[in-house]
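Have a look at the structure below, then the notes.
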Amino acid sequence: MAKEKHLIVKKYLQEHSLVSSNVTSFNDFIEKRMQEIVNEVSESIENEEFQISFGKISVGRPQITEADGSTSQIMPYEARLRNLTYSAPVYLELSVKRNEQIDSETVEIGRIPVMVKSKICNLSGLPKEELVSNYEDPLDPGGYFIINGNERVMVMAEDLAENQPFIEKDKKDSLTLRLFSLRGTYRIPVTISESKEGLLNVSFSRFRDIPAIVLLKALGLTKESEISQYIGKNTDSVIVNLYEFVNLATKEDAMMYIAEKTNLQGTKKEILDRVKQRIDSFLFPHIGQKKEDRIKKAVSLCKFIKQFLLAKENPKLITYKDHYANKRVRLSGDLLSSLFRVNLTILLRDVQYSLQKALKRKKFSSLRVISKSTLFTHRMESAIATGSWVGERSGITQNMDKTNYLAIISQLQRVASMLPSDQENFAARTLNPTHYGRFCPVETPEGGEIGLRKNLAILSRISTRVDLNEESFISELEKEGLVRDGFEGIDVFYNGRFIGTIKNSRAFVETLREKRRTGKLPVELSVRNYEEGESVLISTEPGRVLRPVIIADNGISKLTDEHLVQIEQGNLNWEGLITKGIIEYIDAAEEENALVAIYKEELTPEHTHLEIDSMDLFGVITGLVPYGNHNQSSRLNRGSKTQKQALGIYAANYLCRVDTDVSILQYPQRP
C-alpha cells in the first residue's frame, strides 16, 4: 500500500459543509413545509358565525426593532454582542368572512428564530471578504440558532421509521405486525396479530382486535375471492379467516359488526357515520383520509397480512429494530415543523376567541391588532432556548460547546437516540454493521450515554425531502412494467404505501438504479429488492442516513486513474462524480442488496460497489487521531475525546464576541 492521498475525501471537504443536511432541512421548512402546515391547519378550521381562512405565509429577513420603533437588518455578530434573538418576522394572509363582508389582510403573526448560514440568514451567499467585514469567522459552519445572544444547537434525534411494518414477537412470544402511520402530527400505531383461534385481528386508535376480514369488508373489499387474491397466500389461516365471516355480505353488515364489538350506541345511521369517520381518520392516515382512499387502505392491509403470514413461515423475516433501515434521523426542519404546527393552532384559537369577543361587544378592531401575537414569538423562542419541545420531550437543543473548532463540528454532527439512558437497551447501544460509513464506530461518550449518542461519519449525509411528483413517478414506473394494484408477482411499495406489482423484480430494480445514476431520478431515492419478503421497497423519505460509494461494474471500479488526475488538477468535482454515475449514495436498506469492497485489489465480479476511502468509516474527529490505524479502539475513543478538549483558537472572531466559558492558547503550535 503506497501512501494514500485521500484525494476524494479532501475534494468533498473543500466543497461541502459538514452540517449541510441540517441547513437544507431548515431551508425546506421555511420554503415549503410552513406553507403546507398553514394549508393543513386552514382546512381543519371549524367555522361558526364567521369564516377564518389562512392564505400564503412568508418569512422576512432577520431584523430587529429598536426602542424608538425603527427596524433594521441584523447580523449574527450584533445579536451575540447585544444579547438579542436572531429571528425573522413571519407574515400570514388572514381573511375573515362574516355576514357576506370579507376582511383580508397580510399580518405579522410573530417571529421565528433563524438558523445561521441558512437561505434567509443575512450571511447567506456572502463572499469571504464580506464575512470578515461583518466580524464573522469564514470557517464557521453555521447550523445553529442565536437566542438572547446565546448560541443553541439543535441535536438531531434518532427515531423508529414510520409507515413501515415491523414484525416482532410480543411478551407472550406470539408474532405481531406493528406500523406507525404518520400524517402531520398524527402518529397512530396499527397492530396486526393472531388470536388463539387463528383469527387475524387489527387494532388501531380506539378499535381493539377487530377481525381483519371484517375491516376489509367494511372498507369495501366484500368479495372473498378478491381478498384472497390480494393477500396472495392461500394458507389454511386465510381460508379459516374468510370462512369465519362469510355471512357478512355488505359493507354495512361489516360496519355494524364493528359497532357491536366496540359498543357504539345510537341510531343505525349515526353508528355507521361514526365507524366510517373513525376508519377514515385513524386507519393508515398516511395513505389518505378521504372516502376514496378506502380501497387503497384495504389493499394495503391485505399486503401487510401477507407480510405477516410470510413471517409466520419464515422466522428470518422478523424485523431487526436496530438495523438502520428501520431508523430515521429527525433534522431541524422536522423538529421545527411539529413546534410550528402546535403554535399555529394555538394562534388560531386566540384569533377565534378575540373575534368572538369583538362580535359580542360589537366593536371590531383591525385584523392586525387581533393577530399580533407576542405569544407565538415567545413560545417558539422559549422552546429553542430551553430545549423543551412539544410532546413532553426535553434536551432537543443544547448550548454550543466552544472549547475548540473540533468540538463545534462534533456537536453539529451529533445524533441522539430518544431512548432513556438509564435503561440497559443493550441492542440499541451496540455497534451495528449497518453503521459502517454512516456513524463513527468510535466517537461516543463513555458512561450512561454510551452508544446512544452517535456522530455522523465523515462522508455520510441525511436525506432531506425530495421534489418528486408522485403521480408522474408511478406512471414512469408503469412503463417499466409496474401493474397498478395488480394481483400476481412481487409487491412494490413506495414510502410504505403499496402501489402495484411487478413480474421481474431484479430487472425492475436494475432499471431504476440506472435511471438514478443517469440523473433521471433523485440522488436520494433508494430501491431495495427484498426477495425474502417478496417485495420491492422504494423510498424517498427524509431522515434516512446515506453514504457514498463508488459503483463497480463486473469487478471493475468506475473511478479510473484518469478521473483521479482530473480531481487532482481541479477539473472534476464531487457533483461531477455523482452526475457521471461514478459515485452514488445508498441507504442501509439498499445496502442489503450491495456487496462493497474496501480496497480496489479485492474487487471480484460479485462486488457491486467499492469503498471511497479506507478511512471513511470514521467521523471527522476520530479520523484526525494520529496513527489511528495502529491503535486499539479504546485509545481511539480517548483520543477523539481529548481532541475536543485541546485549547487553541476556537473561532477567528474571538475578539468580537463575549464568551464566558472559553480559553485561548496564545501561542498555538502545529502538533
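Overview of results
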| read-out | value |
| --- | --- |
| Over 23 Å (Cα to Cα) - which of LYS5/LYS327; LYS119/LYS641; LYS321/LYS641; LYS290/LYS520; LYS402/LYS454 fall in this group | LYS5/LYS327; LYS119/LYS641; LYS321/LYS641; LYS290/LYS520 |
| Sequence ranges 143-149, 250-256, ranked by mean other-Cβ count within 10 angstrom, highest first | 143-149, 250-256 |
| Accessible surface, per residue, of region 144-208 when the full set of protein chains is kept, probe 1.4 Å, Å² | 44 Å² |
| LYS580/GLN265 FRET efficiency (R0 56 Å; Cβ-Cβ; nearest 0.05) | 0.25 |
| Candidate residues LYS363, LYS297: accessible-area rank, largest first, probe 1.4 Å | LYS363, LYS297 |
| Convex hull projection area averaged over all views, region 264-331, Cα basis, nm² | 7.5 nm² |
| Heavy-atom accessible surface of the chain: percent carbon and sulfur, 1.4 Å | 50 percent |
| P(r), alpha carbons of region 19-61 - 5 Å bins starting at zero, rounded % | 5, 20, 21, 17, 15, 10, 6, 4, 2, 1 |
| Using a Förster distance of 35 Å, the FRET efficiency for ASP422-SER203 (Cβ separation, nearest 0.05) | 0.70 |
| Cβ-derived FRET efficiency at R0 60 Å, ALA646 paired with LYS276, nearest 0.05 | 0.40 |
| Relative contact order [Cα under 8 Å, 6+ residues apart], the chain, whole percent | 14 percent |
| Principal axis dimensions, region 6-147 - Cα atoms, whole angstrom, descending | 68, 43, 21 |
| Residue pairs, from the table LYS172/LYS261; LYS479/LYS503; LYS196/LYS312; LYS56/LYS357, whose Cα atoms sit over 22 Å apart | LYS172/LYS261; LYS56/LYS357 |
| Solvent-accessible area per residue, Å², over region 411-550 with all protein chains present [probe radius 1.4 Å] | 40 Å² |
| Globularity index of region 567-663, i.e. its alpha-carbon radius of gyration over 2.2 N^0.38 Å | 1.55 |
| Straight-distance crosslink candidates among lysines, where the alpha carbon sits under 25 Å from LYS362 and sequence neighbours closer than 8 are dropped | LYS97, LYS372 |
| Space enclosed by the convex hull of the alpha-carbon atoms of region 317-430, per residue, Å³ | 184 Å³ |
| Expected 222 nm ellipticity per residue - DSSP helices of 4 or more, -39500 (n - 2.57), all of the chain, to 500 | -10000 deg cm²/dmol |
| Compactness index (Cα Rg / 2.2 N^0.38 Å), region 257-300 | 1.22 |
| Where region 47-123 is the region considered: accessible area per residue in Å², 1.4 Å probe | 46 Å² |
| Pairs of Cα atoms farther than 20 Å apart, region 377-441, % | 50 percent |
| Highest-first arrangement of 103-116, 61-74, where packing means the average Cβ count within 10 Å | 103-116, 61-74 |
| Rg ratio (alpha-carbon, reference 2.2 N^0.38 Å) - region 67-164 | 1.48 |
| Burial order of peptide ranges 585-594, 526-535 (average beta-carbon count within 10 Å, highest first) | 585-594, 526-535 |
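The values are calculated or read from the model by the stated rules, or taken from the named source; none is laboratory data. These numbers were taken from a predicted model, which means no experiment stands behind them. Neighbour counts run over all protein chains shown; Cβ positions are idealised from the backbone, glycine included. Side chains included, ligands, DNA and RNA excluded: accessible areas come from the protein's heavy atoms. Shrake-Rupley method; radii C 1.70, N 1.55, O 1.52, S 1.80 Å.
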